[in-house]
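Student: Could you have a look at this structure, given as structure tokens, before my questions?
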Amino acid sequence: MPKITGYETHDVRFPTSLTGDGTDAMNTDCDYSSAYVTLLTDSDLVGHGMTFTIGRGNDIVCTTIKAVADRLVGKDTEELFGNMGKAWDHLVADPQLRWVGPEKGVIHIATGAVNNALWDMFARSRSKPLWKLIVDFTPEEFVRSTTFRYISDAITPEEALELLKAKEAGKKEREAKVRELGYPAYVTSAGWLGYSDEKISRLTKEAIAHGFNHFKMKVGADQADDLRRGKLIRSLIDDPTLLPEGVSPRDPESDDLKGKNAGPTGSVLMIDANQVWDVKQAIDYVQGLTEIKPWFIEEPTAPDDILGHATIRKALKSSNIGVATGEHAHNRMVFKQLLQADAVDVAQIDSCRLAGVTEVLSVLLMAAKFGTIVCPHAGGVGLCEYVIHLSLIDYICVSGNMERNVLEYVDHLHEHFYTPCSINARGRYNVPSNPSEGYSIEMKKESIAEFEWPNGTYWQGRRKSEA
Ligand SMILES: [Mg+2]
């Protein structure tokens with residue numbers, strides 16, 4: 001059986017700050033980056049993983065990945081694959097490294113990269129895309145692959161087993177259905193703060209033409225400006241004449257759209273503040289935006305402030321605006337409390353802020369038990385490639401629903417991956433189906449050579465031109 005013999009890491013940074021891609025009220029200068037790891041074995045089998053950062057500090061994550069990946073060197077892969085929950089426990093249980101977390105911050109996102117690389121290796125070893133590996137698990141295997149430590153007051157392994165068994169019967173039909181239709185998605189690309197009105201209009205119209213019907217806009221820098229941009233976007237997404245040929249308006253009162261403040265074409269607008277406000281400020285600011293009828297406000301305040309989110313949600317109920325958060329929720333315990341405190345309408349897991357697939361599975365189970373929908377965070381670099389797998393697992397074997405869910409999609413940087421995600425003509429994610437793509441995160445060798453920081457050809461050239 002192959003043994004893990006070592007690893008390689010790469011600090012890869014893309015100069016997205018030059019174009020304003022990814023700008024919001026908090027993150028004004030992003031160079032989308034990947035702290036990338038490849039686990040090596042004494043056979044041809046490898047596993048790729050990464051975590052996402054926005055530039056400076058990516059080197060710190062790469063250093064930390066090495067400390068975490070060291071724990072796997074010498075391990076037998078089949079033993080690890082036989083109990084992925086136990087393998088994850090081992091990764092987070094270093095008696096000294098634990099002090100620099102525990103289970104939060106740099107150490108945790110580094111653990112996410114390593115755990116994701118191990119899952120990628122597992123999927124490759126079985127010649128299945130990651131989602132398919134997991135949806136073919138028995139409920140017992142699924143439960144064994146995740147962790148219940150610190151969350152058993154919200155869900156026990158026995159409850160998880162029962163929940164998964166109840167969903168067994170419909171798995172085949174759901175898999176066939178999502179392969180045919182694709183998984184619902186929404187676009188954020190049109191609504192970055194750094195874009196001109198002309199660019200926003202053009203990108204919104206393009207997104208409508210691609211079949212999208214959920215759109216997200218960044219807010220929080222200037223209320224009057226947000227209102228103006230929001231009205232601009234709404235005027236386009238609510239205009240039935242812009243719908244692609246053959247597409248009729250969706251019923252805003254249908255089960256899929258009810259409660260989402262959909263307009264006359266069935267289009268939905270969401271807003272995202274990226275944590276800029278205090279609690280009271282968030283309530284006042286968002287109440288001033290009711291005219292543009294958002295479905296939810298995303299990350300209204302500090303990501304650790306569970307009770308603050310609950311207060312905001314309660315206050316915005318009368319305006320019929322929901323609350324979403326999770327891309328900076330650093331572990332399953334934060335999600336547990338958000339759910340227990342009734343603080344969110346939508347749980348937005350992040351594929352590599354949580355410590356990889358193993359921890360994500362535990363949040364999917366908890367959210368299903370609480371009846372809260374999961375709409376993963378994506379964008380950045382590599383995140384869209386990752387999250388389609390997670391939403392497929394959620395739909396096919398955990399929640400059993402997808403039509404109220406929407407998975408974030410941003411049309412940036414997919415060209416750097418060997419098996420990039422893709423969107424169909426209905427504005428939905430296609431199902432990854434290449435048996436050798438694992439978790440779809442293998443980055444092209446030439447992209448690494450060009451954008452590795454500080455000595456890739458792009459960064460060298462830029463230093464020369466600046467000198
Ligand atoms: Mg966000």
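Bear in mind these aren't lab numbers, they're just calculated from the coordinates by the rules spelled out. Quantities reported herein were computed from a predicted structural model and do not represent experimental measurements. Note that we place each Cβ from the backbone using ideal geometry, even for glycine, and neighbour counts take in every protein chain shown.
Student: Check the straight Cα-Cα distances from Lys3 and name the aspartates and glutamates below 12 Å, setting aside those fewer than 8 residues away within the same chain.
Tutor: Asp42, Asp44, Asp76, Glu78, Glu79
Student: Hey, what did the stretch 386-462 get for relative contact order, percent, Cα under 8 Å, at least 6 apart?
Tutor: 25 percent.
Student: OK, next. Points 7 angstrom from Cα along the Cβ direction at Gln281 and Gln340: gap in nanometres?
Tutor: Using points 7 Å along Cα→Cβ, the separation is 2.9 nm.
Student: Straight-line reach from Lys293: which lysines fall under 21 Å, measuring Cα to Cα and dropping same-chain residues less than 8 apart?
Tutor: Lys205, Lys216, Lys218, Lys231, Lys258, Lys260, Lys280, Lys314, Lys317
Student: Please report, in whole Å³, the volume per residue of the convex hull around the C-alpha atoms of the stretch 83-139.
Tutor: Convex hull of Cα atoms, per residue: 89 Å³.
Student: Sticking with this structure for a sec: Mind checking which of Asn213, Trp131, Asn455 is farthest towards the positive end of the chain's charge dipole, using Cβ charges of +1 (Lys, Arg) and -1 (Asp, Glu) about the Cα centre?
Tutor: Result: Asn213.
Student: The stretch 97-226: D in µm²/s via Stokes-Einstein (Kirkwood Rh, Cα pairs, 4 °C, 1.567 mPa s)? Walk me through the numbers on the way to the answer.
Tutor: Working: Rh = 19.2 Å.
D = 67 µm²/s.
Student: Among Pro303, Gly259, Leu289, which residue has its Cα positioned farthest towards the positive end of the charge dipole of the stretch 258-314, with +1 placed on the Cβ of Lys and Arg, -1 on the Cβ of Asp and Glu, and the dipole taken about the Cα centre?
Tutor: Working it through, the farthest residue towards the positive pole turns out to be Gly259.
Student: Please list log₁₀ I(q)/I(0) at q = 0.19, 0.22, 0.23, 0.24 Å⁻¹ for the stretch 322-410, using the Debye equation with identical point scatterers on the alpha-carbon positions.
Tutor: Evaluating at q = 0.19, 0.22, 0.23, 0.24 Å⁻¹ gives log10 I(q)/I(0) of -0.76, -1.05, -1.16, -1.28.
Student: Sticking with this one: Kirkwood hydrodynamic radius of the chain from all distinct Cα pairs, in Å?
Tutor: 22.4
Student: With +1 on each Lys and Arg Cβ and -1 on each Asp and Glu Cβ, how big is the dipole of the stretch 119-231 about its Cα centre, in debye rounded to the nearest 20?
Tutor: On the way: 21 positive and 18 negative charges, 94 e Å.
Dipole about the Cα centre, nearest 20: 460 debye.
Student: Right, here's the next one. Per-residue HN-Hα couplings for the stretch 24-39, Karplus 6.51 cos²θ - 1.76 cosθ + 1.60 at θ = phi - 60°, whole Hz, x for Gly and Pro?
Tutor: 9, 5, 9, 9, 9, 7, 9, 9, 4, 9, 10, 8, 10, 9, 10, 8
Student: What is the sum of charges, Lys and Arg at +1 and Asp and Glu at -1, for the other residues whose Cβ falls under 11 Å from the Cβ of Lys369?
Tutor: Around Lys369, the charge tally is -1.
Student: Based on Cα positions only, what radius of gyration and what Dmax would you give for the stretch 397-452, in angstroms?
Tutor: Every Cα atom of the stretch 397-452 included, Rg and Dmax give 14.0, 42 Å.
Student: Here is a follow-up. Largest first and in whole Å, give the semi-axes of the stretch 236-367's equivalent ellipsoid, each being the square root of 5 times a Cα gyration tensor eigenvalue.
Tutor: Here the semi-axes work out to 28, 19, 12 Å.
Student: Related question: If neighbour count is taken as other Cβ atoms inside 10 Å, put Glu79, Glu159, Glu385 in order from fewest to most.
Tutor: Result, fewest neighbours first: Glu79, Glu159, Glu385.
Student: Run the reach check for Lys171 against lysines, Cα to Cα strictly under 24 Å, same-chain hits fewer than 8 apart removed. What comes back?
Tutor: Output for Lys171: Lys128, Lys132, Lys369.
Student: Taking the Cα centre of the stretch 366-444 as the origin, how large is its charge dipole in debye, to the nearest 20, when only Lys and Arg (+1) and Asp and Glu (-1) carry charge on their Cβ atoms?
Tutor: About 260 debye.
Student: Jot down the radius of gyration and Dmax of the stretch 285-348, Cα atoms only, both in angstrom.
Tutor: 11.2, 35
Student: Can you list the HN-Hα couplings for the stretch 263-271, worked out from phi with the Karplus curve (6.51, -1.76, 1.60; θ = phi - 60°), rounded to whole Hz and with x for Gly and Pro?
Tutor: Once rounded to whole Hz, the list reads x, x, 8, x, 8, 10, 10, 10, 10.
Student: Can you compute the helix-only [θ] at 222 nm over the chain? Use -39500 (n - 2.57) per DSSP H run of at least 4 residues, normalise by all residues, nearest 500 deg cm²/dmol.
Tutor: Working: 17 runs with 181 residues, N = 467.
Computed ellipticity for the chain at 222 nm equals -11500 deg cm²/dmol.
Student: Further, regarding this structure: Using alpha carbon centroids, what distance separates the stretch 123-192 and the stretch 210-276, in Å?
Tutor: Value for the Cα centre distance between the two parts: 29 Å.
Student: Could you compute how fast the stretch 1-44 diffuses translationally, taking Rh as the Kirkwood radius over C-alpha pairs and applying Stokes-Einstein at 37 °C with viscosity 0.692 mPa s? Give it in µm² per second.
Tutor: On the way: Rh = 12.8 Å.
Estimated via Stokes-Einstein, D reaches 256 µm²/s.
Student: Continuing with the same structure: Over the stretch 337-467, what lengths in whole Å, largest first, do the semi-axes of the equivalent ellipsoid take, defined as the square roots of 5 times the eigenvalues of the alpha-carbon gyration tensor?
Tutor: After scaling each eigenvalue by five and taking roots: 33, 17, 13 Å.
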